[in-house]
Amino acid sequence: MKKIIFFTFILLAAQVVSAQRYMTKTGKVSFYSDAPLEKIEAVNHQVNCAIDTHSGFFVVKILMRSFVFEKALMQEHFNEEYVESDKYPNAFFKGKITNLKEIDFSRPGTYPAVIEGEMALHGKTNKMIAKGTFTVSKEGVRVQGKFPLKIADYGISVPGAVTGKIAEVMQIRTDLFLKPLK
């Protein structure tokens, strides 16, 4: 699955078509766990994303080890015990913008966006729908969104010793600024 997504990502970047393509390697994804005993937040600024405005193809690749936590011990536990970053180094989202006709990439403005696809994380892949906004400007496209992610759906278990410290559902936020691919 990872090889297919990576290959698709490369094809999108290299494809020569008349449609406008946008890309970033420095997007931002964060997550927030609001559990009764502890709040956990992490931010990642090494997120790759590409959009093809003709087909509506949308792909995101996240390097899991690039999430930064307030506490080093949280970061260590996240990588070693929960997402197992050595075994599963990346998360991927691959999908299509379902309301593509409602987004005018040639005209500055903010447009609601709906993207349907598959999220691959920790060796599991699930269908999902993400909603957000695309803000089009002369410089590029800002993609912002917020969605819940149930960690059990991706085979990530929380040991009994830390129950109450880690939420079963994480709130994921995206803030990706993509520039035209030339």
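The values are calculated or read from the model by the stated rules, or taken from the named source; none is laboratory data. Since we're looking at a predicted model, the values are computed, not measured. Cβ coordinates were reconstructed from backbone atoms using ideal geometry, including for glycine residues, and neighbour counts include every protein chain displayed.
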Cβ-Cβ under 6 Å pairs, at least 6 apart or on other chains, region 49-72 side under 18 Å from Ser30 (Cβ atoms), far side among the aliphatic types (A, V, I, L, M) and part of a loop (DSSP other than H, G, I, E, B): Met64/Val83
Residue list for region 86-144, filter: part of a loop (DSSP other than H, G, I, E, B), touching a residue at least 60 places away in the same chain (Cβ under 8 Å) and under 21 Å from Arg173 (Cα atoms): Gly140
Residue satisfying all of: in region 56-79; among the aromatic types (Phe, Trp, Tyr) and not in a helix (DSSP H, G or I); farthest from Pro159 (Cα to Cα) among these: Phe57
Qualifying residue in region 24-46 (condition: at pLDDT below 95, touching a Ser or Thr at 6+ places or on another chain (Cβ under 7 Å) and farther than 26 Å from Ser157 by Cα): no
Candidates Glu116, Glu139, Glu168, filtered to the one that is within 20 Å of Met23 (Cβ to Cβ) and touching a Lys or Arg at 6+ places or on another chain (Cβ under 9 Å): Glu139
Tally of residues being of a type outside the set (Phe, Trp, Tyr) and surrounded by 15 or more Cβ atoms within 10 Å (Cβ to Cβ) across region 100-115: 5
Among the residues listed as Val169, Val141, the single one being surrounded by fewer than 17 Cβ atoms within 10 Å (Cβ to Cβ) and within 19 Å of the chain's Cα centre (by Cα): Val169
